[in-house]
């Protein structure tokens, strides 16, 4: 039997086959599969006329022709995940700023270098002599880089020390953050991002205020009750390290909310200004502290006091001496578990802690340079040509980072062969799933489309930078890998990235129906995709 497959079924196609016996009636019926009785039977696989297809390349080219991309730099690549075959390319070797797509490299390298069972450890050690309930010496709080430490965890450590019978410490409380180096801010991190949680300083001894694990940050809560009076400002967690300068007022109910929280550079003073309307829900702002080590030590000192342990000396920041012995330990969740808040919420601090932890494990130095060197060794083994990219941090917050679509898809294809792939793939944000610990930064995107609960990808957003890379299963069941990065645009281009994702989800090897190209209106308002939605608690 001869099988003849026709990609298009339009008026011209119909006319060209009208001479075949017994075909006219079947064509009018609009069959998708036609059997024609001839001397040698011919099977025609035809697409009905009302669903004419467009090739994937044509559909993607149409998206990239949008006027919002005029003057922008754009790179896109699509590949078959199983074979690695390139199905579509557009400037895929162009080096572009990746924003948080950089976390794809950091997370996979961390799984290779550290392993899925890796845990950070925060320890309490003591020195000197014990005389009953008195410790004649100092207590050392030694950080191991854990970005998930909560106030409750420091309370648990204080309880472990109290259980040893110590009630008075004659020496100091010493905070030791030397597991990482002293460079706390990444190269080329913007000065105007510095007060906010997504750009918090990186310390081996730090504290998160919530279970999003925004390490190195404090939540400033402001509530207005009575018009004309100062609002109430509280800190989460409560602590004596961060100071509040409350200059705000409470406005009448229904008035404009002009509340603003900033942090004075070089200090841990949070300045609250503006007006909050009476009766509105409590305003919450996630603010980075200036000294994350001192912040953690202050919360630990308060916890010791609650457990009946009084430290007579000062709080200092220095290395733990070799002679100190361990009395308490708090292990973090495993790296496999940490991947969920890290990748779903695009947590920059997790990326940097993992980068420095890789450097510490491989080179004995908890620095960005050592960590990135360790990362590049394993990425090279996975087929990433590191000579064509540049990384200076683990999160992508720096504008010095440069990646190409080609190297991202090389990584995505290679990752499928790793034993940790299932864990990592599940930790990526999933399009259109409202649960923020499943959908993450994609929770409100592509909902109600074939990409919803299908596309697993990593977003990346900064002013003038937007990216989406990951995996999507097409309409034929074929898994695709893709990477799309846009730089130097004006306006909002997230709809175009989503259009790429939906187009791939609706595609087949034979093409894409026109409905699979959900073009956003050309007169869309000029707004900017400035930051990841999770960084401002918008998703």
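The values are calculated or read from the model by the stated rules, or taken from the named source; none is laboratory data. The model shown is predicted, which means the values in this text are computed figures rather than measured ones. No Cβ is skipped: glycine too gets one built from the backbone with ideal geometry, and neighbour counts run over all protein chains shown.
Can you tell me which residues in the stretch 396-419 are assigned to a loop (DSSP other than H, G, I, E, B) and free of Cβ contacts under 8 Å to residues at least 60 places away in the same chain? Outline the logic, then answer.
We begin by selecting, within the stretch 396-419, every residue assigned to a loop (DSSP other than H, G, I, E, B); these are 396-401, 404, 416-419.
Across the stretch 396-419, the qualifying residues are 417, 419.
Within the stretch 268-290, which residues are touching a strand residue (DSSP E or B) at 6+ places or on another chain (Cβ under 8 Å) and outside any strand (DSSP E or B)? Don't jump to the end; show me each part of the working.
Taking the stretch 268-290 and keeping what is touching a strand residue (DSSP E or B) at 6+ places or on another chain (Cβ under 8 Å), we get 268-278, 282-290.
Once the filter is applied, which keeps residues that are touching a strand residue (DSSP E or B) at 6+ places or on another chain (Cβ under 8 Å) and outside any strand (DSSP E or B), the stretch 268-290 yields 268, 274, 278, 282, 289, 290.
Residues checked against (1) assigned by TED's automatic domain parsing to the domain that holds residue 428; (2) buried (at least 24 other Cβ atoms within 10 Å of the Cβ); (3) assigned to a strand (DSSP E or B):
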position	(1), (2), (3)
452	yes, no, no
460	yes, yes, yes
468	yes, yes, yes
471	yes, no, yes
475	yes, no, no
489	yes, no, no
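If only one of 144, 84 is part of a loop (DSSP other than H, G, I, E, B), out of contact with any helix residue (DSSP H, G or I) (no Cβ under 7 Å at 6 or more places or on another chain) and either in the same structural domain as residue 365 (by TED's automatic domain parsing) or touching a residue at least 60 places away in the same chain (Cβ under 8 Å) (or both), which one is it?
It is 144.
I'd like to check something: does the stretch 198-208 contain any residue that is at pLDDT 95 or above and over 24 Å from residue 319 (Cβ atoms)? Even if it seems obvious, please write down each step before you answer.
From the stretch 198-208, those at pLDDT 95 or above are 198-208; that's our starting set.
Among the residues that remain, those that are also over 24 Å from residue 319 (Cβ atoms) are: 198-199.
Yes, the stretch 198-208 has at least one match.
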- Message: I'd like to check something: does the stretch 380-388 contain any residue that is closer than 29 Å to residue 195 by Cα, crowded, with 18+ Cβ neighbours inside 10 Å, modelled with pLDDT of 95 or more and over 16 Å from the mean Cα position of the chain (by Cα)?
- Response: no
- Message: For the stretch 213-262, give me the residue count where each residue is in contact (Cβ under 8 Å) with a residue 60 or more places away in the chain and in contact with a helix residue (DSSP H, G or I) (Cβ under 6 Å, 6 or more places away or on another chain).
- Response: 8
- Of the criteria (1) outside any loop (DSSP other than H, G, I, E, B); (2) over 26 Å from residue 154 (Cβ atoms); (3) over 19 Å from the mean Cα position of the chain (by Cα), which one residue 125 fails: (2)
- Task: Please go through the stretch 321-362 and pick out each residue that is surrounded by 20 or more Cβ atoms within 10 Å (Cβ to Cβ), on the phi < 0 side of the Ramachandran plot and in a loop (DSSP other than H, G, I, E, B).
- Result: 324, 332, 345, 347
- Examine the stretch 274-282 for a residue that is under 26 Å from the mean Cα position of the chain (by Cα) and surrounded by fewer than 19 Cβ atoms within 10 Å (Cβ to Cβ), and state whether such a residue exists. no
